[in-house]
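To start, the structure itself, in structure tokens.
Values in this text are rule-based calculations from the coordinates and carry no lab data. From a predicted model like this one, the values you see are computed outputs, not experimental measurements. For neighbour counting, all protein chains shown are included, and Cβ atoms are generated from backbone atoms with ideal geometry for every residue, glycine included.
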Amino acid sequence: MILLNNNFLGNVRQWQAMFFNHRYSFTPMLNPDYLTISSAYGIPARRVFNEKELHEAIQEMLTTDGPFLLEACVVHEGNVLPMTPPGGSVNQMLLEC
């Protein structure tokens, strides 16, 4: 399992940034410690903070028998595209910010 964690409600934050002048409302998250939760279920886990750590972490994940949780901490302001604007339809998808 790979968890991309930006400590926000990602798509909601992106909408608020792109369409509502960065007026964030109830989007920052106070997340639990996912590694502790994973450990409670007997699932090995690792957290990475930068791209340099990623290759080694993925190798560890792939060579581990059974489930594995990789928490990748990503930038707060990262966006996911394509996305549909508020009230828009699929043929109005945005491909860039």
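Derived from the Cα gyration tensor, the three semi-axes of the equivalent ellipsoid of the chain are 31, 16, 12 Å, largest first.
Principal-axis analysis of the Cα atoms of the chain puts helix 51-63 at an angle of about 50° to the longest axis.
For Arg47, nonlocal amide neighbours, meaning residues 5 or more places apart or on other chains whose placed amide H falls under 5 Å from its own, are Glu71. Within the stretch 2-92, DSSP assigns beta bridges of which about 10% are antiparallel (rounded to the nearest 5).
When only alpha carbons are used to place a centre, the stretch 17-77 and the stretch 1-15 end up 10 Å from one another.
Taking other C-beta atoms within 10 Å as the exposure proxy, Leu54, Leu30, Leu62, Leu70 rank Leu30, Leu62, Leu54, Leu70 from fewest upward.
Estimated from helices alone, the mean residue ellipticity of the chain at 222 nm is -9000 deg cm²/dmol (sum of -39500 (n - 2.57) over DSSP H runs with n ≥ 4, per residue).
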